[in-house]
Structures are given as C-alpha cells and as structure tokens.
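A short worksheet on the structure shown next.
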Amino acid sequence: MVQTKFCGYQKGIGGMFEDVSSEEGSGEQVYHLWDRGMRRVLDPASIEALVKLVAKEMEVTQMAQTAAESFKAEGIVEGKRDTILQFLRFQFQDIPEPLNQRIAAIENVSDLDALLKQAMTAKSLDDLQI
C-alpha cells in the first residue's frame, strides 16, 4: 500500500513536495515535486538544493519587506518634518538655522506630531519646546 503525506508547499518555486512510502513498513521514501501539474521524482541532493533555494528566496523576500518598511517609515518622518517647516515658514517667514537643524534631527514620529501641534498654536518661535 502506498501512503502519501503532504510535506510542504512553496509558491515561489511553483511546486508542492510529497513524501511517498512505496510499501507499508519498507521505510523507503521517494520524494516528488508537483511542478506545473507534472510529477517529478527528486533525488535527495536535488531536494537539499531546492530547500536551500526556497530558504534563500524567503530570506530575500523578508529583507525586501524590511527595507520597504524602513523606507516607508523614513518617508513618514521626512514628510512630517517638511510639514512642520512649511507651516512655520508660512506663520513666521524666516526660521533660524539652529531651529531648522533641531527639527531635522528629530526621528521620532510622536515627537514630530507633538511639535506640529505646538507649531499650530504657537504665537512665536519661542513658544516651541524643542
């Protein structure tokens, strides 16, 4: 009797692994890869190479997602800084360079949000607590 057990699926390579016991109790295992509807028998070395490829693909995907999240966060911080500086320039025309530099150094989104609220109610640049 042939027993089939689902072992894993990796969309990136377009296939599904199966672990098939050819005879009950024989312990002999044959690995198959379903690839685009075709069943292919794989030797252990090919399986090891394929598993390494899948792991590398997953690592690259994770790195790309992490980089994208980092760029998004940087963009949010940059946008908030620009909004604050534009608002202050509109309200008070000239912004001293030291104040500009202090605002440019703020990395925390919450701090930038608080500063924007201060800028919206400030009567003068001295009212800002930076």
Tabulated pairs, region 43-70, first more than 30 Å from ASN108 (Cβ to Cβ) and assigned to a helix (DSSP H, G or I), second among the aliphatic types (A, V, I, L, M) and at pLDDT below 90, C-beta under 9 angstrom, 6+ apart or interchain = SER46/LEU33; ILE47/LEU33; LEU50/ILE13; LEU50/LEU33; LEU50/LEU42; LEU53/ILE13; VAL54/ILE13; GLU57/ILE13
For ALA104, are the conditions met, namely being over 23 Å from SER124 (Cα atoms) and either in contact with an Asp or Glu (Cβ under 6 Å, 6 or more places away or on another chain) or of a type in the set (A, V, I, L, M) (or both)?
-> no
Only residues that are surrounded by 10 or more Cβ atoms within 10 Å (Cβ to Cβ) and part of a helix (DSSP H, G or I): list them for region 102-116, please.
-> ARG102, ILE103, ALA104, VAL109, ASP111, LEU112, ASP113, ALA114, LEU115, LEU116
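The values are calculated or read from the model by the stated rules, or taken from the named source; none is laboratory data. If you're wondering where the values come from, they're calculated on a predicted model, not measured in any experiment. Don't worry about glycine lacking a Cβ; one is built from the backbone with ideal geometry, like all the others, and counts go over all protein chains shown.
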